[in-house]
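Colleague: Have a look at the structure that comes next, please.
The values are calculated or read from the model by the stated rules, or taken from the named source; none is laboratory data. This is a predicted model, so every value here is computed, not measured. Counting neighbours? That spans all protein chains shown, and the Cβs are built from the backbone with ideal geometry, glycine included. Calculation scope for accessible area: heavy atoms of the full protein, side chains included, ligands and nucleic acids excluded. Shrake-Rupley method; radii C 1.70, N 1.55, O 1.52, S 1.80 Å.
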Amino acid sequence: MTLEDGVRYSVDSGVATVTFDRPDRNNAMNLAMERRYGEVLRILEADTGVRAIVVTGAGNSFCPGADLDVLADDIPEGGIDFQVEYVLSAAFVGKPVIAAINGGCAGLGFVIACTADVRFAAAGAKFTTAFARRGLIAEYGIAQLLPDLVGRGRAMDLLLSGRTFVAEDALSYGLVQEVYPAEELLAATKAYASELATYSAPRSMAVMKRQILDEAAIPLAESGDRAAELMAESFLHPEAKEGVVSWLERRPPEFPPYPS
């Protein structure tokens, strides 16, 4: 277990768990914590023993956003050093990232949850974009992320109103994929991550994440052509043979790490 700048992580059987742990601020993020979060994801991406990543919060909060003390202070002449590459890291690392939203999820924390590939939430967990109610704008790419997840109309509702809603609403909006009792959330999320780590090829998951990012705004025909090229390339890698043979032999696959 490693804890630094409010972020700790551990690795067990191919699954890494990253936990926001800044109890004196209820897991609110300052700039050092943002940077450390991004650095940890890059460390885990480079670790060939890690095949899936779970992100959660300590205590009763996931992340309530940026530490408002930072915003309340006088802004330096050069402005705030917005660390976009760190905040958006989950969207770009080549491993699946699953958010276990155990409690309050607002502002910057809401953005981080939306960058995850899959989101599970504790029953009753509270969500809010918050930006409009703080005199701010849709930060860190959430203006693209949120409409992709819930549709334009619902995204406008949540951004313009900044209203609070709960996990059960988030499930109905399509923002989260599952809701669990709070005491079951982390175990259920880790079980899902373990299934990915055991049965899904690391290369396949990395390539599919890149496809989703790269192909969202291109014509369907072009997407199909790209997929055909990538599929042909897949047959040149050992994952394809192992996937078929393991299925025929009725055993868990033994996929190599990616990149190997």
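Colleague: Set the Förster radius R0 to 25 Å, insert the Cβ-Cβ distance between Leu68 and Ser161 as r into 1/(1 + (r/R0)^6), and round the FRET efficiency to 0.05.
Modeller: Once rounded, the FRET efficiency stands at 0.80.
Colleague: Hey, another quick one. Suppose we keep just the DSSP beta bridges with both residues in the chain; what percent of those would be antiparallel, to 5?
Modeller: Antiparallel bridges make up about 35 percent of those DSSP assigns within the chain.
Colleague: With r as the distance between the Cβ atoms of Ser172 and Leu220 and R0 = 30 Å, compute the FRET efficiency 1/(1 + (r/R0)^6) and round to 0.05.
Modeller: 0.60
Colleague: If I stretch the segment between Glu254 and Leu213 completely, what's the gain in nm (0.36 nm per residue apart, minus their alpha carbon distance), one decimal?
Modeller: Gain in length upon complete extension: 12.0 nm.
Colleague: If I compute solvent accessible area with a 1.4 Å probe over the protein chains, what percent of it on the chain is carbon and sulfur?
Modeller: 55
Colleague: Moving on. Given 0.36 nm per residue, what is the gain on full extension from Ile43 to Ala188 after removing their alpha carbon distance, in nm?
Modeller: Fully extending the segment from Ile43 to Ala188 adds 49.8 nm.
Colleague: Of all beta bridges DSSP finds with both residues in region 89-239, what is the antiparallel percent, to the nearest 5?
Modeller: DSSP beta bridges in region 89-239 are roughly 20 percent antiparallel.
Colleague: Measure out, as a whole number of angstrom, how far apart the alpha-carbon centroids of region 1-37 and region 173-204 sit.
Modeller: 19
Colleague: A further question follows. Which lysines have a Cα less than 25 Å from the Cα of Lys209, not counting those fewer than 8 places away in the same chain?
Modeller: Within reach: Lys95, Lys190, Lys241.
Colleague: Which value, in debye to the nearest 20, gives the size of the charge dipole of region 7-197 about its Cα centre, when Lys and Arg are +1 and Asp and Glu are -1 at the Cβ?
Modeller: 300
Colleague: In the chain, with Lys and Arg counted as +1 and Asp and Glu as -1 at Cβ, which of these residues, Cys105, Gly224, Trp247, has the Cα nearest the positive end of the dipole, that is, farthest along it?
Modeller: Going by the charge dipole, the pick is Trp247.
Colleague: Each label point is 7 Å from the Cα along the Cα-to-Cβ direction; what then is the distance between the points at Leu136 and Leu31, in nm?
Modeller: The modelled label-to-label distance comes out at 1.5 nm.
Colleague: Now for a separate question. For region 90-95, just list the computed ³J(HN,Hα) in residue order, Karplus coefficients 6.51, -1.76 and 1.60, θ = phi - 60°, integers in Hz, with x standing in for Gly and Pro.
Modeller: 4, 6, 10, 5, x, 9
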